[in-house]
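Right, one structure below, let's go through it.
The values are calculated or read from the model by the stated rules, or taken from the named source; none is laboratory data. This structure is a prediction, so every number in the text was calculated from the model and none was measured. Note that each Cβ is placed from the backbone with ideal geometry, even for glycine, and that neighbours are counted across all protein chains shown. Note: accessible area is taken over every heavy atom of the protein model, side chains too, but ligands, DNA and RNA are not part of it. Shrake-Rupley method; radii C 1.70, N 1.55, O 1.52, S 1.80 Å.
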Amino acid sequence: MSRMAYYDSPVVTRTRSVTPLTPEMSKILPYVSNKTVSRHFSSNGRSMDVGHAKNYFNPASKSVYSRYSTNDWGVSNNMNFGLSDRERSHAERLRADAWRAVKETDARTRNRQNEVTRKLGERVCDIAHWKSEINNEINAMQHETENLKEYRRMLEKAYNDTTSPLHIAEECLLHREKRNGIDLVNDDVEKSLSKEVTIIKRCQGRMKKLLEKAYVQLKMNRAAQHNLEIDSKDKHHAQGLDDRMQQLRNSSAGIGYYPGIENVDNTITIPHSWARYSEENIMRSQKERAASERLRGEIDGCLRACASEMWNIFNGVNNAFNTRVRETTDARNKLQAHLQRTMQEIFDMERNIHLLRKAIQDKENPMKVAQTRLDERTRRIHVEICHDPVMKSLTREVNEIRESVRLLKEKLKSCELSLARLVKTKATLEHDIGVKENSIRIDSQYCLGMRKGFPMDPKVGPIFQMPTC
């Protein structure tokens with residue numbers, strides 16, 4: 001199809017131009033008072049004046065008039081015809097140029113507007129892309145922050161739960177200070193209790209450090225999320241504005257002139273720095289989120305390690321208590337058996353002493369008989385005072401009885417000393433048994449009574465609420 005000429009366009013209804021006549025244009029256009037073309041132009045382009053006309057006498061009016069010749073009249077007409085042709089040709093060229101300018105400017109304006117609309121759409125897509133990325137990161141950061149808060153809550157509860165085992169271990173150490181005598185030994189129980197206190201305090205120190213780190217990390221997470229939310233809010237505003245500008249048309253309401261607005265430049269970023277700003281916010285959030293995940297891993301590892309260490313030392317202390325109670329009970333039972341035998345021996349020794357005293361007392365009458373016989377036989381007279389076998393036997397009998405009494409008295413003294421030592425031994429055994437019973441009561445009733453189960457919250461469950469393996 002051939003291209004339509006400018007004059008082939010449909011009829012356009014002419015209306016008064018909305019463009020006012022500017023002062024500059026009014027100065028350029030000449031003002032013509034005499035509309036006669038011949039008044040101003042000659043055949044060679046020079047101006048003509050009335051002075052070229054010839055004077056003629058009119059007999060009717062009997063006066064002289066200035067008159068042009070027929071040739072001048074024809075020349076004037078031809079000049080008007082030529083001028084009309086030239087002006088019309090010039091006007092036609094101007095109209096063609098004007099129409100072409102209208103078409104070109106209209107096409108250029110329309111293309112530029114379409115290009116701007118397309119770029120606005122691309123800009124809206126870019127904003128929507130970064131807004132989506134930012135919102136995804138905000139959601140991920142919110143989820144991570146909630147997880148970290150939950151881990152911090154678990155860590156705080158675990159830290160608070162360690163106070164009960166620590167109190168119990170310290171109470172056990174204080175109770176065991178009430179042991180007496182020889183039972184005040186630095187045994188495995190005391191060593192295990194001291195180790196348990198050290199482990200619990202070390203676990204508390206680790207938990208406290210992690211709580212401080214969690215508090216700081218939560219602040220960093222909130223700061224990163226705050227920047228993302230501000231960026232998302234700005235992008236939401238910019239997206240809505242650019243989307244509204246993309247949909248703005250020539251027939252839209254609310255458009256108007258804003259003189260000099262094209263010279264106003266309030267921009268503070270370029271596309272690279274604009275995208276870089278959002279990218280840095282996302283990278284910072286991702287960095288803080290990764291640090292938060294690592295911190296949650298540290299908290300999880302700390303809780304599991306502390307729970308395992310405390311559980312192992314708790315079982316170790318209980319085993320040491322049970323072993324010590326068993327050893328103390330065996331020692332007490334042996335002491336009680338020795339005490340029973342000692343008391344039996346005391347009883348036997350007292351009976352033996354009684355027998356010895358009776359035996360010594362029983363030697364008194366034989367001694368009296370023998371000595372009386374000797375004394376009476378000293379009253380014999382003259383030759384009858386004979387050192388006969390009876391005299392020898394009586395002397396031997398007295399000596400034998402005296403030796404027997406001496407021997408029995410020595411035995412009695414030895415038995416009495418032995419009885420005194422047995423009584424002292426009995427007192428020692430009874431005291432030691434009391435010491436052992438006191439130690440057993442402290443270890444089995446006071447200490448193990450507090451350590452019957454691993455300290456826990458009955459409403460929540462075991463300490464740390466997680467497996468230790």
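Looking at 85, 49, which is the one that is modelled with pLDDT of 70 or more and of a type outside the set (Lys, Arg)?
Working: 49 fails: modelled with pLDDT of 70 or more.
Only one candidate qualifies: 85.
For the stretch 333-373, enumerate the residues that are of a type in the set (S, T, N, Q), modelled with pLDDT under 90 and touching a helix residue (DSSP H, G or I) at 6+ places or on another chain (Cβ under 8 Å).
371
Can you name the number of the only condition in (1) within 21 Å of residue 148 (Cβ to Cβ); (2) loosely packed, with under 15 Cβ neighbours inside 10 Å that residue 253 fails?
Of the numbered conditions (1) within 21 Å of residue 148 (Cβ to Cβ); (2) loosely packed, with under 15 Cβ neighbours inside 10 Å, the odd one out for residue 253 is (1).
Can you tell which of 422, 417 is at pLDDT 90 or above, surrounded by 13 or more Cβ atoms within 10 Å (Cβ to Cβ) and either basic (Lys, Arg) or part of a helix (DSSP H, G or I) (or both)? Show your work before the answer.
On the way: 417 fails: surrounded by 13 or more Cβ atoms within 10 Å (Cβ to Cβ).
Going through 422, 417 in turn, the sole match is 422.
Go through 376, 403 for me and flag whichever is at pLDDT 90 or above and open to solvent by 60 Å² or more (accessible area, probe 1.4 Å).
403
List, please: which pairs have Cβ atoms under 7 Å, are six or more places apart or on different chains, and start with a residue in the stretch 103-117 that is in contact (Cβ under 8 Å) with a residue 40 or more places away in the chain and closer than 16 Å to residue 249 by Cα and end with one that is open to solvent by less than 70 Å² (accessible area, probe 1.4 Å) and part of a helix (DSSP H, G or I)?
117/246
Working carefully through the options 349, 343, find the one that is open to solvent by less than 70 Å² (accessible area, probe 1.4 Å), assigned to a helix (DSSP H, G or I) and out of contact with any strand residue (DSSP E or B) (no Cβ under 9 Å at 6 or more places or on another chain). Reasoning before the result, please.
Details: 343 fails: open to solvent by less than 70 Å² (accessible area, probe 1.4 Å).
Exactly one residue qualifies, and that residue is 349.
So, in the stretch 145-171, how many residues would count as being assigned to a helix (DSSP H, G or I) and either open to solvent by less than 40 Å² (accessible area, probe 1.4 Å) or polar (S, T, N, Q) (or both)? I'd like the intermediate steps shown before the answer.
Step one: filter the stretch 145-171 for residues assigned to a helix (DSSP H, G or I), giving 145-161, 163-171.
Of the ones still in play, those that are also either open to solvent by less than 40 Å² (accessible area, probe 1.4 Å) or polar (S, T, N, Q) (or both) are 145, 147-148, 155, 158, 160-161, 163-166, 168-169.
Of the residues in that region, 13 qualify.
Considering only residues that are within 27 Å of residue 166 (Cβ to Cβ) and crowded, with 16+ Cβ neighbours inside 10 Å, which ones fall in the stretch 284-297? Steps first, please.
First, pick out the residues of the stretch 284-297 that are within 27 Å of residue 166 (Cβ to Cβ): 295-297.
Once the filter is applied, which keeps residues that are within 27 Å of residue 166 (Cβ to Cβ) and crowded, with 16+ Cβ neighbours inside 10 Å, the stretch 284-297 yields 295, 296.
Every residue in the stretch 344-391 that is under 30 Å from residue 416 (Cα atoms) and either within 60 Å of the chain's Cα centre (by Cα) or charged (D, E, K, R) (or both), please.
Result: 345, 348, 350, 351, 357, 358, 362, 363, 364, 368.
Quick one: in the stretch 63-104, of everything that is surrounded by 11 or more Cβ atoms within 10 Å (Cβ to Cβ) and polar (S, T, N, Q), which residue is nearest to residue 235 (Cα to Cα)?
That would be 84.
Has the stretch 231-244 got at least one residue that is farther than 30 Å from residue 443 by Cβ and of a type in the set (A, V, I, L, M)?
Going residue by residue through the stretch 231-244, those that are farther than 30 Å from residue 443 by Cβ are 231-244.
Applying the additional criterion that residues be of a type in the set (A, V, I, L, M) yields 238, 241.
Within the stretch 231-244, one or more residues are farther than 30 Å from residue 443 by Cβ and of a type in the set (A, V, I, L, M).
Yes/no matrix, rows are residues, columns are (1) without any contact (Cβ under 8 Å) to a residue 40 or more places away in the chain; (2) open to solvent by less than 100 Å² (accessible area, probe 1.4 Å); (3) more than 30 Å from residue 170 (Cβ to Cβ):
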{"residue": "189", "(1), (2), (3)": "no, yes, no"}
{"residue": "194", "(1), (2), (3)": "yes, yes, no"}
{"residue": "199", "(1), (2), (3)": "no, yes, no"}
{"residue": "206", "(1), (2), (3)": "no, yes, no"}
{"residue": "212", "(1), (2), (3)": "yes, no, no"}
{"residue": "236", "(1), (2), (3)": "no, no, yes"}
{"residue": "244", "(1), (2), (3)": "yes, no, yes"}
{"residue": "273", "(1), (2), (3)": "yes, yes, yes"}
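Taking the condition of being out of contact with any Leu (no Cβ under 7 Å at 6 or more places or on another chain) and free of Cβ contacts under 8 Å to residues at least 40 places away in the same chain, how many residues in the stretch 159-182 meet it?
Of all residues in the stretch 159-182, those out of contact with any Leu (no Cβ under 7 Å at 6 or more places or on another chain) come to 160-168, 170-171, 174-182.
Subsequent filtering for residues that are free of Cβ contacts under 8 Å to residues at least 40 places away in the same chain retains 160, 163, 166-167, 170, 174, 177.
The number of residues fulfilling the criteria is 7.
Just one of the numbered conditions (1) within 36 Å of the chain's Cα centre (by Cα); (2) surrounded by fewer than 16 Cβ atoms within 10 Å (Cβ to Cβ); (3) within 27 Å of residue 164 (Cβ to Cβ) is not true of residue 313; which one?
Condition (2) is where residue 313 drops out.
Given the structure, is residue 336 out of contact with any strand residue (DSSP E or B) (no Cβ under 8 Å at 6 or more places or on another chain), under 30 Å from residue 181 (Cβ atoms) and either part of a helix (DSSP H, G or I) or among the small types (Gly, Ala, Ser) (or both)?
Working: out of contact with any strand residue (DSSP E or B) (no Cβ under 8 Å at 6 or more places or on another chain): yes; under 30 Å from residue 181 (Cβ atoms): yes; either part of a helix (DSSP H, G or I) or among the small types (Gly, Ala, Ser) (or both): yes.
In short, yes.
Restricting to the stretch 259-289, what's the tally of residues that are more than 21 Å from residue 127 (Cα to Cα) and within 26 Å of the chain's Cα centre (by Cα)?
Taking the stretch 259-289 first, the residues more than 21 Å from residue 127 (Cα to Cα) are 259-264, 287-289.
Remaining after also requiring within 26 Å of the chain's Cα centre (by Cα): 287-289.
Residues flagged as more than 21 Å from residue 127 (Cα to Cα) and within 26 Å of the chain's Cα centre (by Cα) within the stretch 259-289 amount to 3.
Identify, by number, the condition in (1) surrounded by 11 or more Cβ atoms within 10 Å (Cβ to Cβ); (2) more than 30 Å from residue 286 (Cβ to Cβ); (3) of a type in the set (A, V, I, L, M, F, W, C) that residue 107 doesn't meet.
Condition not satisfied by residue 107: (1).
Could you pull out the residue among 262, 327 that is assigned to a helix (DSSP H, G or I), modelled with pLDDT under 95 and more than 30 Å from residue 452 (Cβ to Cβ)?
Selected residue: 262, the only one of 262, 327 that is assigned to a helix (DSSP H, G or I), modelled with pLDDT under 95 and more than 30 Å from residue 452 (Cβ to Cβ).
If you go through the stretch 379-390 one residue at a time, how many are open to solvent by less than 80 Å² (accessible area, probe 1.4 Å), in a helix (DSSP H, G or I) and either touching a residue at least 40 places away in the same chain (Cβ under 8 Å) or of a type outside the set (A, V, I, L, M, F, W, C) (or both)?
Here is the first cut: in the stretch 379-390, the residues open to solvent by less than 80 Å² (accessible area, probe 1.4 Å) are 380, 386, 388, 390.
Filter once more, keeping what is in a helix (DSSP H, G or I): 390.
Those still in the list that are either touching a residue at least 40 places away in the same chain (Cβ under 8 Å) or of a type outside the set (A, V, I, L, M, F, W, C) (or both) too: none.
Number satisfying all stated conditions: 0.
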